[in-house]
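K.L.:
I have a structure I would like to understand better, so I am pasting it below and will then ask my questions one at a time.
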Amino acid sequence: MDKEIKEKMIRVCQNLMRMLELAFEEFRNPSEESLKEAEEVEDKIHQYSSELTSFIISKNAPRKNGKERIKPYLSIASSLGLLNYNIQSTLDRIRGKSENHILFSDQAVKEVNGVFEQAVGLLGDLPSLFTTEDKSLAQRIGEGGRSVIKMADAYSDEHEERLIDGICVPEHSPIYLSILESLKGVTVHTLAVSGKIVALSSKA
């Protein structure tokens, strides 16, 4: 993997990880400070992502297969962009929960915390994967990611049972489910980046 591109991708990834951590903090302990920092990190992500894409395109040497060489890098950059979208979606849902004073059941809070912890951990492994291109680490990310997706799906099913039993408030259900879906999206695109890193390293 091109060293300069790798460094720029790691920088984007580290800021995405911080953004997700701030979303988690906001879910557990809502505060203006975490939201303000999240806005600042979001600005950095946009800046670094734009610089990354422009830099990759600048590597399109006017020779045979020049475009083919940069396409895998652009694909990773696109997946990082989708990661950002899902993290921002997660934060927006949590912000709405706080602003509208929506309360979750103790079980729902425990479930979201569990998915959050796993998603943060998986995303946190990506910088190391960029650096090492270790296939065993990629395999662990894959296994962990599939476990998170399965967990989130199970929690969605259990939530329906709580609705039937009257434990959860129907009006709050969309917020809970959308947070789970956004975190699933974070996990899906974390897995996508992991797979693309391994695929690119295999071509080297």
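The values are calculated or read from the model by the stated rules, or taken from the named source; none is laboratory data. Just so we're clear, the structure is a prediction, and the values are computed from it rather than from any experiment. Cβ placement follows ideal geometry from the backbone for every residue including glycine, while neighbour counts extend to all protein chains displayed.
K.L.:
Within segment 93-117, which residues are closer than 30 Å to ILE197 by Cα and surrounded by fewer than 19 Cβ atoms within 10 Å (Cβ to Cβ)?
P.N.:
Those that are closer than 30 Å to ILE197 by Cα and surrounded by fewer than 19 Cβ atoms within 10 Å (Cβ to Cβ): ASN113, GLY114, GLU117.
K.L.:
Just for segment 14-64: of the residues that are closer than 28 Å to GLU4 by Cβ and not in a helix (DSSP H, G or I), which one is modelled with the highest pLDDT?
P.N.:
LYS59
K.L.:
Please enumerate the residues belonging to segment 146-161 that are modelled with pLDDT under 90 and surrounded by fewer than 16 Cβ atoms within 10 Å (Cβ to Cβ).
P.N.:
Of the residues in segment 146-161, the ones modelled with pLDDT under 90 are 157-161.
If the condition is that a residue be modelled with pLDDT under 90 and surrounded by fewer than 16 Cβ atoms within 10 Å (Cβ to Cβ), then ASP157, GLU158, GLU160, GLU161 are the ones that fit.
K.L.:
Which condition from (1) without any contact (Cβ under 8 Å) to a residue 40 or more places away in the chain; (2) among the β-branched types (Val, Ile, Thr); (3) within 26 Å of LEU35 (Cβ to Cβ) is the one that THR90 breaks?
P.N.:
THR90 satisfies every listed condition except (1).
K.L.:
Can you name every residue in segment 1-13 that is part of a helix (DSSP H, G or I) and over 27 Å from GLU111 (Cβ atoms)?
P.N.:
Correct list: LYS3, GLU4, ILE5, LYS6, GLU7, LYS8, MET9, ILE10, ARG11, VAL12.
K.L.:
Return the residue satisfying two criteria in turn: it lies in segment 126-140 and is under 17 Å from the mean Cα position of the chain (by Cα) and touching a residue at least 60 places away in the same chain (Cβ under 8 Å), and of such residues it is surrounded by the most Cβ atoms within 10 Å (Cβ to Cβ).
P.N.:
The selected residue is LEU126.
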